[in-house]
Amino acid sequence: NKVIDLAKVAKETSDLLYVTYGTAASMGLPIDEVYDAVHESNMSKLGENGEVIRREDGKVLKGPNYKEPDIKSLIEKN
């Protein structure tokens, strides 16, 4: 069994956030609002029972209540 170095994972994950937030800031994107909209959209993929719906190969499918995030309106209001 391989031991996971959580400190290293945390550092590398933070580097990803640094690049992501830096890119968003340099382009004037409201990244926290966009993230919230995408998260809400992803959660709307759940089925009526609150469970993830998957194809046989494991891909997550959109449930009956799926709602596309309205990213354009978030960008336009800033």
Unmet requirement for ALA7, which otherwise passes all of (1) surrounded by 11 or more Cβ atoms within 10 Å (Cβ to Cβ); (2) part of a helix (DSSP H, G or I); (3) of a type in the set (A, V, I, L, M, F, W, C): (1)
Filter result (open to solvent by 70 Å² or more (accessible area, probe 1.4 Å) and β-branched (Val, Ile, Thr)) within region 21-56: VAL52
Residue match in region 40-51 (condition: within 13 Å of the chain's Cα centre (by Cα) and at pLDDT 95 or above): yes
Residue in region 44-65 that is of a type outside the set (D, E, K, R) and either in a helix (DSSP H, G or I) or touching a residue at least 24 places away in the same chain (Cβ under 8 Å) (or both) present: no
Count - residues of region 66-76 that are in contact (Cβ under 8 Å) with a residue 24 or more places away in the chain and out of contact with any helix residue (DSSP H, G or I) (no Cβ under 7 Å at 6 or more places or on another chain): 2
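The values are calculated or read from the model by the stated rules, or taken from the named source; none is laboratory data. This structure is a prediction, so every number in the text was calculated from the model and none was measured. Please note: Cβ atoms are built from the backbone with ideal geometry, for glycine as well, and neighbour counts cover all protein chains shown. Just so you know, the surface numbers come from the protein's heavy atoms only, side chains and all, with ligands and any DNA or RNA stripped out. Shrake-Rupley method; radii C 1.70, N 1.55, O 1.52, S 1.80 Å.
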